[in-house]
């Protein structure tokens, strides 16, 4: 017989799934938000916290109520962070120019983040060892003002692109060029260095 999972293990797994749903499933996020707000409203309208519990049953009920209230506050804070995260990753007017120099290839991308500040931003997705074919390779993203020199590079394609967030560390980038298509999955290695493992889709 399979080993029975502990209550703690089940609770942690449930919490992780809920966290993923809040960040990456907008429909589920809206459902959770509505439920938590309704629960908060119900508690605050019906519980008199100025009255000190006397009996054990009253004390137990108060502990349960305050725990539930803290639970909703914590998850609503997570929902707020997820909504802010959406503003950072939602891109429009996304365009690119592809450059090559010997083995190295670089996507220079320009885009807007209209939910954040609606200013044109520029980033460079660099493949020092060329495109991944049947294996993963390391790539780097230069953004947030970090400059990359294109000296010696030649332009080989241009077009538009789409970004999709797949998870906490995973994104997909799909470039539609005038000459070809370039589709990748990137998995974060180091956030500070903005290094990723990349595979072709």
Report, ordered by the first and then the second residue, all pairs with beta carbons closer than 9 Å, sequence separation of six or more or different chains, a first member in the stretch 175-201 that is under 11 Å from residue 157 (Cα atoms) and assigned by TED's automatic domain parsing to the domain that holds residue 144, and a second member that is at pLDDT below 95 and not in a strand (DSSP E or B).
182/131
The lone condition residue 119 fails out of (1) under 30 Å from residue 189 (Cβ atoms); (2) surrounded by 11 or more Cβ atoms within 10 Å (Cβ to Cβ) is (2)
Among (1) in a strand (DSSP E or B); (2) touching a residue at least 60 places away in the same chain (Cβ under 8 Å); (3) more than 18 Å from the chain's Cα centre (by Cα), where does residue 132 come up short?
(1)
Mind listing just one residue for me: the one in the stretch 170-194 that is over 16 Å from the mean Cα position of the chain (by Cα) and in a strand (DSSP E or B) and, of those, surrounded by the fewest Cβ atoms within 10 Å (Cβ to Cβ)?
181
Does residue 23 satisfy being part of a helix (DSSP H, G or I) and either touching a residue at least 60 places away in the same chain (Cβ under 8 Å) or in the same structural domain as residue 175 (by TED's automatic domain parsing) (or both)?
yes
Which residues, counting only those in the stretch 60-80, are under 13 Å from residue 26 (Cα atoms) and out of contact with any helix residue (DSSP H, G or I) (no Cβ under 6 Å at 6 or more places or on another chain)?
80
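Might you let me know whether the stretch 99-110 holds any residue that is touching a strand residue (DSSP E or B) at 6+ places or on another chain (Cβ under 9 Å), assigned to a strand (DSSP E or B) and at pLDDT below 95?
no
The values are calculated or read from the model by the stated rules, or taken from the named source; none is laboratory data. The structure displayed is predicted, hence computed values, not measured ones. Cβ: placed from backbone, ideal geometry, glycine included. Neighbour counts: every protein chain shown.
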